[in-house]
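To start, the structure itself, in structure tokens.
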Amino acid sequence: MANRTGTYIAFDGLGEADPSKSDFRYYSIMQKWTAVEHIDFKFVNSHEKTAAVRDTSLKSTLMSRIRERLNASKNCLVILSDDTRATGSMLSYEIEMAVDYYEIPLIITHTGYAGIYEAKSLSQRWPNALTDRINNFTARAIHIPFKKGAILDAINQFTVQKSGLEGALHCYSKKAQIEMGCIEG
């Protein structure tokens, strides 16, 4: 098995050629957080560990690169928005591979929420691949808001080496979310 030090970031491209019109924009926000020196947001991005693929790449090439990146990943951050599709995107394949083959814990980050208190209340956002793995108890996951503090904490805490997650409906406590700066106390 590869040296699993990276965080794989998965999102729905929504079939858009313009990244600003898809969930790619949230990935871009994370890249900006990493680039700014005065912001403490550093992690190993699995997407930077392998050769880049283009939107024009063959599906088989893209799938091969996904598997290569997941093999080097300690966890998988799944970005979900109100626009995330239930089916029809590579996100479903990424979730299937992360859970079924690589047994990677999922960090499900929900955009547009200051705090997350009950994962099931957000089930309408879940792609079918995630719903299936939650319902059949094969996914290990935590659901968090798309907030820098929560994302960084989860990336560092939930890994293949030290998951600590049994089941897929975990959320941080209200107190923890206050301490991470997600919500006010």
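The values are calculated or read from the model by the stated rules, or taken from the named source; none is laboratory data. Being a predicted model, the structure only gives us computed values, none of them experimental. Because the Cβ atoms are built from the backbone with ideal geometry, glycine has one as well, and the counts that use them run over all protein chains shown. Only protein heavy atoms, including side chains, enter the accessible area calculation; ligands, DNA and RNA are left aside. Shrake-Rupley method; radii C 1.70, N 1.55, O 1.52, S 1.80 Å.
Summary of values
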{"item": "Modelled FRET efficiency - R0 25 Å, L58 with A35, Cβ distances, 0.05 increments", "result": "0.25"}
{"item": "Carbon/sulfur fraction of accessible area - the chain, other protein chains in place, 1.4 Å, %", "result": "49"}
{"item": "Rounded accessible area per residue of the stretch 105-146, 1.4 Å, Å²", "result": "39"}
{"item": "Peptide ranges 119-132, 163-176, 62-75, 140-153 listed from the most packed, as the mean C-beta count within 10 angstrom indicates", "result": "140-153, 62-75, 119-132, 163-176"}
{"item": "Among [x] 21.3; [y] 18.0; [z] 16.5, the entry derived from the coordinates for Kirkwood radius over Cα pairs in Å", "result": "[z]"}
{"item": "Calculated [θ] (222 nm, deg cm²/dmol) that DSSP helices of n ≥ 4 give over the chain, each run adding -39,500 (n - 2.57)", "result": "-8500 deg cm²/dmol"}
{"item": "Out-of-range pairs (alpha-carbon distance over 24 Å; input K59/K162; K147/K175; K148/K175)", "result": "K59/K162"}
